[in-house]
Each structure stands twice: as structure tokens, then as C-alpha cells.
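**Student:** Structure below; questions to follow.
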Amino acid sequence: MGSLEGKVAVVTGAAHGLGRLHALGLAAEGARVVVNDLGVAADGSGRDDSAAQAVVDEIKSAGGEAIAHSGDVADFADAEGMIQAAIETYGDLNILVNNAGFTRDGTIFNLTEDEFDSVMRVHVKGHFAPSKFAMTYWRQKSKNDGSPVYGRLISTASESYLFAPPGQPNYSAAKAGIVSLTMGLAQLGVRYGVTANVVLPRARTRMTTTGPTAAIFQKPEEGFDNFAPENASPLFVYLCTPQAERVSGYVFVVWGQQVKVVDRPNPNGAMFQTDASWNLETLHAELGPHFEKLEPVVDGYTVPAA
């Protein structure tokens, strides 16, 4: 028996890449899986309702249980529908892996309103909507049972939220939103038995093999393949297991043979104070000497040393 025998999972964006591996990995551990995917291209265009079913067929051929769901993660009715599909088909919901997303890259000079809105929608709202209905179910079930539930929520973000590449202002902002959203869910979920974590995978996917990251994520001709998605997916599955019950509210980077726990941003930076209300003169008197020792930040939040 696998570590997730009898558990029920929903995985969004599960037709390709990491999402497909998550669905297969959860099923291999015994979970029954709702495979959600619209079947869109890497830029969010098109639609193919058969994409999710193909992964379902893979799971079933390996002896697992799964159903397909081709709803839009950022549509409230569809998001509620995928959660209900799990409950109505398998009698419960234990795991939600938010993975759906796409990229539409460009600097702020060239990015259109639709390119900004669509990426924010699928990533931020596309994490919020399924999470809303999963969390609502878990809270009510905990109240009805009078005890904590088994709930695991995993969000997929990116190191773009840390490094803020100028060619991805929409994507990096969306990924930052996902991290903040999930940290709040972790605080809320603890009272109901729900853990919530974020994973930033460095993996070769349809999104990373196009645009500004394409050169980085190429498959090596020889040697260990650090960016093979198979290296990243096991962490997602692990965070869904009983062994990870004490892991909640954390952000991870995973790639190759490494897993890194990311430090939280903290407010313990340089502090300045005045004896009266601030004005331009007192601000410059305090801040000027400090910033004369530093250079402008040009790589996300990586502040140059003094």
C-alpha cells in the first residue's frame, strides 16, 4: 500500500509537464486523482478537453483511479465543480495541488493589458478559486466531525517572484501573489488540520523552455540533468503525505538533487529615526549616508552589500 492509499487529490494543470507527474506520483502512492486541465498551449491559447483524459488513462493503465475535469481554474463555478467532482466521485477531498498556469512574457514597454490580466488571472485567481472551495470543505468537515481533517494544499510558484525578471512583470507579480496567498492559508488551515506550502520548481517545462529562460533549462548532452521535471515532482508528493504533517507555511526551491527551504522576508533591516516628523532634509540626512554605500538593486531583492 502507498502512503496515500484511500486519499483523494485534485491536481490542476495536470495534463502536461510537472502537473502530469504530480498526478501520476500521487496515484502511484494510492491516491484517487481528479486530473484537471483545459488543454491549453504554454501561452494559454487553444483548448483540448482530451488532454486531461490522456493522463487519466495513464493512471488507470497503471492500476490507479482517476477522473478527468476540463474546467477553468480561474472560473468560480468550474473551480467549485472540480472540488465537488472529487467529493461526489470518491467521497472526500484530502489534497489540492495548484499547478495550472502559463506565461506571456514581455517588458512593461510591450506588455499588453490582456497579457498582464490573463497571467494574473490564471495564476493568482487560478490558485485562489480552487483553494477557496477546498478550504471551505475542509473547515466544514472539521466542524462536522469535531476533529481535524487530513488536508494538504500545495501551491506552485517560481523564483521569478524573488528575482523579478524585467521580461516577466506579470508572471513574477502573480507568483509573489501566490506565495502570500498560500502563507495566509497555512495560518488559517492549522486549526482544521490543513497544511499549506509553496514549491518553486526549477524544472524544464513548456513555460521554461520558451522565452527568457529557454537557454537555462536546456537538456544537457551528458551528465546529470538538473532540470528534469522528474527531480522536482517527488517533493510535491511528499508534502501531501502523512509524514509531512508538521510541514506547513514554508516555501521550497527544488531542482536536481537539491531542496532548499527559503527564508521568509523579514522587517529587520536598517532602521532610521528622527526626533520630530520627517521632512526632506531629515530624510536625506539619515538615508543619504546609508545609500551612498550601496548600489541600486538590479536583481530582484538581492541587495548589494555595503
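The values are calculated or read from the model by the stated rules, or taken from the named source; none is laboratory data. Here the structure is a predicted model, which means the values were calculated and not measured. Note: ideal-geometry Cβ built from the backbone for every residue, glycine included; neighbour counts use all protein chains shown.
**Student:** Test F128 against the stated conditions and say whether it is among the aromatic types (F, W, Y) and closer than 14 Å to A174 by Cβ.
**Tutor:** Yes.
**Student:** Could you tell me how many of the residues in the range 286-306 are at pLDDT 95 or above and either within 25 Å of V179 (Cβ to Cβ) or hydrophobic (A, V, I, L, M, F, W, C) (or both)?
**Tutor:** 1
**Student:** Now, a different point. From the list R104, R152, which residue is within 30 Å of V298 (Cβ to Cβ) and in contact (Cβ under 8 Å) with a residue 60 or more places away in the chain?
**Tutor:** R104
**Student:** Which of the residues spanning the range 75-107 are outside any loop (DSSP other than H, G, I, E, B) and either touching an Asp or Glu at 6+ places or on another chain (Cβ under 6 Å) or farther than 25 Å from Q140 by Cβ (or both)?
**Tutor:** Within the range 75-107, D78 is the sole residue that qualifies.
**Student:** Looking at (1) in a loop (DSSP other than H, G, I, E, B); (2) closer than 18 Å to A14 by Cβ, which is the only condition N110 fails?
**Tutor:** Here N110 clears every test but (2).
**Student:** While we're looking at this one, here's another question. Quick check on my filter: what residues within the range 64-100 are among the aliphatic types (A, V, I, L, M), under 13 Å from A129 (Cβ atoms) and free of Cβ contacts under 8 Å to residues at least 40 places away in the same chain? Outline the logic, then answer.
**Tutor:** Restricting attention to the range 64-100, the residues satisfying the condition of being among the aliphatic types (A, V, I, L, M) are 66-68, 73-74, 77, 79, 82-83, 85-87, 93, 95-97, 100.
From the residues that got through so far, the ones that are under 13 Å from A129 (Cβ atoms) too are 73-74, 77, 79, 82-83, 96, 100.
Listed by number, the list holds a single entry, A77.
**Student:** So for the range 269-281 (the condition being in a helix (DSSP H, G or I) and exposed (fewer than 12 other Cβ atoms within 10 Å of the Cβ)), does at least one residue qualify?
**Tutor:** yes
Yes or no, residue by residue, for (1) modelled with pLDDT under 70; (2) β-branched (V, I, T); (3) under 16 Å from N98 (Cβ atoms):
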position	(1), (2), (3)
T205	yes, yes, yes
A214	yes, no, no
Q218	yes, no, no
E221	yes, no, no
L235	no, no, yes
Y250	no, no, yes
